[in-house]
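K.L.:
Encoded as structure tokens, here's the structure I'll be asking about.
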Amino acid sequence: MKYIHFSRHAKNRMRWRKITEHQVKETILSAELIVDSFGNRKAAYKHVGDRYIKVIFVEEYNKIIVITAIDKTR
């Protein structure tokens, strides 16, 4: 399994949106849908509990860098 690194932006957005690291990791590792996003970024979507989480990330050789996390439930 690749190491998952959270950018400062992602950590701030997660704190503001009350999304946990566990929810983000779960979204990336067992996503219902992963689509290509802008540039080399990918977007992962998953229902986690009563929320629908979207995670934008970049996959590198030995790690995954989380760019941001969004609660799409609203």
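K.L.:
Go through segment 1-41 and give me each residue that's under 10 Å from residue 69 (Cβ atoms) and among the hydroxyl-bearing types (Ser, Thr, Tyr).
P.N.:
20, 27
K.L.:
How many of the residues making up segment 37-73 are within 15 Å of residue 22 (Cα to Cα) and among the small types (Gly, Ala, Ser)?
P.N.:
Qualifying residue count, segment 37-73: 3.
K.L.:
Restricting the search to segment 37-64, which residues are hydrophobic (A, V, I, L, M, F, W, C) and in contact with a helix residue (DSSP H, G or I) (Cβ under 7 Å, 6 or more places away or on another chain)?
P.N.:
44, 48, 53, 55, 57, 64
Just so you know, all these numbers are worked out from the coordinates, no wet-lab data involved. Everything quoted here is computed from the prediction, not taken from an experiment. So basically every Cβ, Gly included, is an ideal-geometry build from the backbone, and we count neighbours across all protein chains shown.
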